[in-house]
1. Extension gain residue 555-residue 497, at 0.36 nm per residue separation less the Cα-Cα distance, in nm?
2. Would you list 267, 89 from fewest to most Cβ contacts within 10 Å?
3. So what is the diffusion coefficient of the chain in µm² per second by Stokes-Einstein at 4 °C and 1.567 mPa s, using a Kirkwood Rh over Cα pairs?
4. In nm, what is the difference between 0.36 nm times the number of residues separating residue 469 and residue 51 and their Cα-Cα distance?
5. How far apart, in nm, are two points set 7 Å out from the Cα along the Cα-to-Cβ line at residue 313 and at residue 184?
6. With a point put 7 Å past each Cα toward its Cβ, work out how far residue 410 is from residue 389 in nm, to one decimal.
7. Only sites in a loop by DSSP and with at most 16 other Cβ atoms within 10 Å count here; which trypsin sites (Lys or Arg not before Pro) in the range 51-151 make the cut?
8. What is the magnitude of the charge dipole of the chain about its Cα centre, with +1 placed on the Cβ of each Lys and Arg, -1 on the Cβ of each Asp and Glu, and no other charges, expressed in debye to the nearest 20?
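What follows is calculated from the coordinates using simple rules that are stated; it is not laboratory data. Owing to the predicted nature of the structure, the values given are computational and were not obtained by experimental measurement. Virtual Cβ from ideal backbone geometry, glycine too; neighbours counted across all protein chains shown.
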Amino acid sequence: MMTRTPLAVLLFVAAGTTASPDPIVYDPERPELYERELHPEVTPIARRGVEIGIDSGAVVAPPARAADGARPIQVPVWSTEVEIPDAAWVRLRFGEVDLAPGSATARESYIRVTSLYDGHEQYLDRQALSEWAYTSAYFNGGRLRIEIMASPGNDVSANRVEILNATASEPTQFPRSICGPTDDRVLSNDPRAARMMPIGCTGWLFGDQPHSFISAGHCGPDTGDVMQFNVPLSSSSGTPQNPAPQDQYPIDGSSVQLTNGGIGNDWAFYGAFANSNTGLAPRDAMGDSYVLAGAVPSPDGRPIRVTGYGSTSSPVPPSWYLVQKTHVGTFVAAPGSSLQYNPDTTGGNSGSAVYDDSTNTAIGVHTHAGCNSSGGANQGTSLDLPAFRTALANPMGITVPLGLDMDLIEARPDFVNPAGGDTISITVNPDNDLQPSGDVTMWVDSGSGYVPIAMNHTGGGTYVGTFPAAACGDYHSYYFTANDTDGGTWSLPSSGETGAWITLAATGIDYMLDDDFESDSGWSVQNVSLTTGAWVRAVPGDFGRDDPTEDADGSGRCYVTGNANLDDVDGGPTILTTPTFDLTGLNDPRVSYARWHVSNGSDPLLFQVSNNGGGSFTTLETVNTSTGWNTVEFRVADHISITDQMVFRFSVQDTPNDSITESGVDAFRVFGIECGSACQADFTGDGVLDFFDVSAFINAYNAQSLEADINGDGVFDFFDVSAYIALYSAGCP
C-alpha cells in the first residue's frame, strides 16, 4: 500500500533567528492562513479549501483481451468528476492511493486527471504522486475528470484513489510598489522565470543544473509547491489562469535552503522535480537559465531589469494580473548585503532576479517594496551575502550537481569503417565545482558486450577514441565515462549504457529512399470500411488525444491517421503503401522508420512487406502501443527473399470501434550497406594492396584529408606516415 503525506503538515518559519518559532498547523480548509503567518506583508493568491470526499474503493482491471505476449496498455477502470462551479482553477489533494505495480504481463497503473475546461491532462504514477506530495497540478476551470488507468490482466492487486479535498480560486489584489506615478511594466515571455504557486511569487532557473531555482525566502517554497512556466493571461476579471500540466513542476522539499531575515537577508535556493508528463527537467524543457554574477558591481546607475509575476491594479488591465511582466530601471545603491534599484514591481514580483542588463548576469533576488508615487527604490538581497553563496555551493536534494561537462565535438557518425580505426572526439571540462582526473574511457559493444577503450588526451579538454573492427553491417553501441578528482564517474550520454548511441559498421550507406514526407514520393492510401482517421501527409495538429504533437525528424510533415479534432481511427483498416522497389541491386537491404502508435484498446499498427508487388504480405512488426516517436530498423532478407517487386505498407484499424487509436510514420528509409574494402590500408578500395594505394595515401596526406590522419590525433605528421606503413606491411585480411 502507498502511504500519503499527512494533511496536518507542520511548517516552520525560517526567520534567520536562533529562536525556534511555534509550529503552524496547515489547515486544508484555510490554506491561506499559514502563508500570512509566515510573511504577513505578502498576501497569497486568494483561494479556499473545498471538501471532496470521494473514494473509488478497490478497483481491479478486467481480464486481458488478447494473449499475444505483449503487455496491454492501461485503460480507464474507474472514473469520476469533481465540479466546483464558481472556480476558475482547481488543485486536488489525494488521500490513500493504491496503484497496481507493473509486471511481465501488465503495465503499472496510474491516475489521469483531465480539465474539462481546456482538455489539459496530468498523469500521476506512484513516483509522480510522491514527488507531487499527493496533490495534482493546477487546472483551469472548475470541473475535472479523474480516472484510474490500469492494464487489463493486472489483477495482482487492486487500485484505489481517495480524493480528500481541493484548493480552488478566489480573486485578490497585492499592494503596489511602483517607482513613480505610472506602472511602466510590459508583458514578457522570459523562459527562465516561473510563477510559484500557490503563494504567487516568482522563482527563476539558474546555472547548468537543470532543476535549480532561486527565489525569496519569505515566499517559503516547501514540499508540494509548484513552479509554473508559460503562464497564460488571467481572465478578464483578473482570475489567474494556469498553464498545461506539462509546464508545471513540483518543488523537492529536501532541496530547500532559505532564510527569511528581512531586507538584505531574504533568499531561497531549491529545486523542482522533472515534469510527470514529459519527463523533462525544468531547464531542459525551457532551454535557458540565468547566469549568476561572479561579484556584485558598484551601484553606478547601470540598467537593472526585474522580470516576474507581479500583481496589477487600474489602469493596467486585470488580464495582466500575476502574468509575467518586465521593466528596466537603474542601480541606485548597495548598502551592506542589500540592493536598491528602481524598476517597477508589485507583490508577485517577490523572488524575481535582480538582473544587470549591461552584463547579462543576475546580481541578487528581489524581496521588498520601497517605491511609491514619488519615486524611491525597491530592495533585494545581494548574491554577495556569504550565507547565500554558501548555500549555493552546497546544494541538496534534486539540486545536487550532475557532474563534469562532457560533450561531443562533432556529430555522431552514421557509420564507421568495419576495419576499425575511425575516431570520435569529446571534450571533458570542469563543471559544478568538479575537476576531471584525466581518466576518460570509451565503451563499445560490437555484439559481444561492452569493452573499455582508453581515450587519447590530445590537449586541453579534448579526448579521442577509436572504434574497433566489426563485421560489415553490424552495429557498435557506445558511450563515454570520465572520472573526477573526488572519485565520481560521469557518463555521456548521461544515462550511460542504457542510453548508449549506435553507429553502423560500413564504408557507406546506399539510400534508395530517404523520405521526410515534405513532398509526395508516390505513396498511396487505401481505406476499407473506415469512418474516420485515414492516413494523411500533414503537419501534426496536436489535438490532445494521444496523437503526435510534432513530426519525428523535425522537417514538419509526416503521415498521421487523421489530423483534425477528435479524428482518430474508427473502423478500417486504413492502409499506407509505398511505391514498388527493386532491391536486387542493394547489398544487404534494410528499411527503417520512425513510428507513433497509441491505442487504449487492442488495435495494433502492422508493418508488412511484399516481394510480389503487393500480391501477398509478410508482417515485420506488430505494435500494440508505444510512447512517443520510436525509430526501428529491419534487415529485409531476414524476413523475405529479395526481388525487384518489393512493397512495404502500414495498416491500422479500430474494429470493433471501441478505442482511441492514433498512428504516425516519419523518416522512412530504404537503404543498402556498402562494405567496400575492410582494410584501412587499401586506399583505392579495390581489394589489392599495391603502389596505387600508397599514391592515394600520399595524395590524401598532402590534402590533409581525414582518412590520412591514421592515428586520429588531428595532426598530419610523421606518425601518420609511420602508422600507414605499418598497416600496409601488415597486409589485408
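1. Values: separation 58, 0.36 × 58 = 20.88 nm, distance 2.92 nm.
18.0 nm is the gain from fully extending residue 555 to residue 497.
2. By the 10 Å Cβ count, ascending, the order reads 89, 267.
3. Taking Rh from Cα pairs, D becomes 44 µm²/s.
4. 143.8 nm
5. 2.0 nm
6. Output for this residue pair reads 4.3 nm.
7. Numbers: sites: 65, 91, 93, 107, 112, 126, 143, 145; in loops: 65, 107.
Loop-located and lightly packed - 65.
8. Approximately 2240 debye in magnitude.
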